[in-house]
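Below you'll find the structure, written out as structure tokens, and then a few comments.
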Amino acid sequence: MTDAPVHRSGFACFVGRPNVGKSTLTNALVGTKVAITSSRPQTTRTVVRGIVHRPDAQLILVDTPGLHRPRTLLGERLNDLVRTTWSEVDVVAVCFPADEKIGPGDRYLVSELAKVRRTTKVAVVTKTDLVDAARIGEQLLAVQALGEETGTDWAEIVPVSATAGDQVGLLTDLLIDRMPEGPALYPDGELTDTPEEAIVADLVREAALEGVRDELPHSIAVVVEEMGLRADRPADRPLLDVHATLFVERDSQKGIVIGHRGSRLKAVGSDARIQIEAMLGTPVYLDLRVKVAKDWQRDPRQLRRLGF
């Protein structure tokens, strides 16, 4: 009599300083875009789950905001979200980009993570396509030394490139090997459990972040006010109506987002609509407004209203 094959299922999360490649890695493992990525740090503000399905396993990836020293109430809440997440998952994978030396931010993060005793910790050296083999070797040694310095026992140290696809499969295998035995937790084929409104809001914000000045990323929040299929359309020609508001903190920022004669906002709408249609698989009519919510990042009442 042969033993039935073991099925594993569980949760892993990627953590790291802002802009170290966590969302890109999540998308690479899932095989499609489930987390927004941007060249701007601190793009991710919500925890997005991506789901990897295999015959022998189901791996649920939890994407988190970058842990940082907060300057606002929003920053404090995002950090709380990271800490809550890593105490609830089976494996925490800490990302260190190969093209940047380990700094105080990494030390702070790993020292904080060292306080979480029961969780398995894996180190991932990301963006290996940007450097040569010698630099990758240096970074692997530096990560190992950081583990020893902070009393963190790395279960694995893995170099990967999410954009080139190098070792992404190996990382998936290593994470799955450390998951507990158990049945699938999500239906086959489901790639994320993030509500569609949240995905749409994230895609609008991602489009709004591209190409704007450095002071803006933290100041933009997006709320989907209304979303639904247009009633008078035939079933074979559906149209999804989306009405969303972009909130900024000052009038000057509103001007930047809208652009000369509305040109910038029009481009944002066009880029976001293409991404939303690709993600949801249906034609979209996207209506965007811009409003000022003065200093919303520091105001508890406004943070609540904007979903933080």
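The values are calculated or read from the model by the stated rules, or taken from the named source; none is laboratory data. Worth saying up front: this structure is predicted, and the values here are computed from it rather than measured. Please note: Cβ atoms are built from the backbone with ideal geometry, for glycine as well, and neighbour counts cover all protein chains shown.
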Residue 170 fails exactly one of (1) surrounded by 15 or more Cβ atoms within 10 Å (Cβ to Cβ); (2) under 22 Å from the mean Cα position of the chain (by Cα); (3) free of Cβ contacts under 8 Å to residues at least 40 places away in the same chain; (4) over 21 Å from residue 83 (Cα atoms), namely (1)
Among (1) part of a loop (DSSP other than H, G, I, E, B); (2) in contact with a helix residue (DSSP H, G or I) (Cβ under 7 Å, 6 or more places away or on another chain), residue 282 falls short only on (2)
Has the stretch 132-144 got at least one residue that is in contact with a helix residue (DSSP H, G or I) (Cβ under 8 Å, 6 or more places away or on another chain) and modelled with pLDDT of 95 or more? yes
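From the list 110, 124, 143, pick out the single residue that is part of a strand (DSSP E or B), touching a residue at least 24 places away in the same chain (Cβ under 8 Å) and not acidic (Asp, Glu). Walk me through how you get there before you give the answer.
Details: 110 fails: part of a strand (DSSP E or B); 143 fails: part of a strand (DSSP E or B).
Testing whether each residue is part of a strand (DSSP E or B), touching a residue at least 24 places away in the same chain (Cβ under 8 Å) and not acidic (Asp, Glu) leaves just 124.
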If you go through 137, 105, the only one that is surrounded by 15 or more Cβ atoms within 10 Å (Cβ to Cβ) and not in a strand (DSSP E or B) is 105
Within the stretch 276-297, residues acidic (Asp, Glu) and either touching a His at 6+ places or on another chain (Cβ under 6 Å) or more than 14 Å from residue 249 (Cα to Cα) (or both) come out as 277, 287
Quiz item: For residue 265, are the conditions met, namely being in a helix (DSSP H, G or I), of a type in the set (A, V, I, L, M, F, W, C), under 17 Å from residue 201 (Cα atoms) and at pLDDT 80 or above?
Solution: yes
